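What follows is a single structure, written as structure tokens, with notes after it.
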Amino acid sequence: MRLSTNREERRRNARRKVFQPAQMTTDTRDAVRVHLLDLSTLGAMVYGTPTPAVGSDVQIACGIGLGTARVAWAEGRRFGVVFARPIAESCLDAILRAQDALVAAASRRIGTLNG
């Protein structure tokens, strides 16, 4: 039996595409606005500036605190983080429901959805 690598495990964990505004803080910086581009219970792809250094710890919140995460990679303004503690599936679902509700409300306002 072969043990899976961290990378394989992360890939098995469902990633959800999002465009979720969030706040990121570090030990050396006050909160800055970033956007989550994908999200899973184990980590996220984040877009923002300044890009933190690989290996540094950040705290991320998007209405719901996601806790501390370590920057795993960085390329331009995009970077990946791995949560120190996996977030609950129910927390992930709540973020996705809130985002879907905002999209539906905006669509109704501009007349692209009925009702």
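The values are calculated or read from the model by the stated rules, or taken from the named source; none is laboratory data. These numbers were taken from a predicted model, which means no experiment stands behind them. When we count neighbours, we look across all protein chains shown, and the Cβ atoms used for this are built from the backbone with ideal geometry, even at glycine. The accessibility values were calculated without ligands, DNA or RNA, using every heavy atom of the protein model including side chains. Shrake-Rupley method; radii C 1.70, N 1.55, O 1.52, S 1.80 Å.
For region 63-115, enumerate the residues that are aromatic (Phe, Trp, Tyr) and either within 15 Å of PHE19 (Cβ to Cβ) or open to solvent by less than 30 Å² (accessible area, probe 1.4 Å) (or both). Write out each step before concluding.
Just the residues of region 63-115 that are aromatic (Phe, Trp, Tyr), to begin with: 73, 79, 83.
Across region 63-115, the qualifying residues are PHE79, PHE83.
Go through region 41-53 and give me each residue that's in contact (Cβ under 8 Å) with a residue 24 or more places away in the chain and more than 18 Å from LEU92 (Cα to Cα). Full working, then the answer.
Initially, region 41-53 is screened for residues in contact (Cβ under 8 Å) with a residue 24 or more places away in the chain, giving 41-49, 51-52.
TYR47, GLY48, THR49, THR51, PRO52 - these are the residues of region 41-53 that are in contact (Cβ under 8 Å) with a residue 24 or more places away in the chain and more than 18 Å from LEU92 (Cα to Cα).
Only one of (1) buried (at least 16 other Cβ atoms within 10 Å of the Cβ); (2) modelled with pLDDT under 95 fails for ILE60. Which number is that?
(2)
Restrict the check to region 33-47 and report whether at least one residue is over 18 Å from ALA14 (Cα atoms), open to solvent by 50 Å² or more (accessible area, probe 1.4 Å) and touching a strand residue (DSSP E or B) at 6+ places or on another chain (Cβ under 9 Å). Spell out the reasoning first.
The initial filter retains those residues of region 33-47 that are over 18 Å from ALA14 (Cα atoms), namely 33-35, 47.
Those left that are additionally open to solvent by 50 Å² or more (accessible area, probe 1.4 Å): 33, 47.
Then drop every residue that is not touching a strand residue (DSSP E or B) at 6+ places or on another chain (Cβ under 9 Å), which leaves 33, 47.
Yes.
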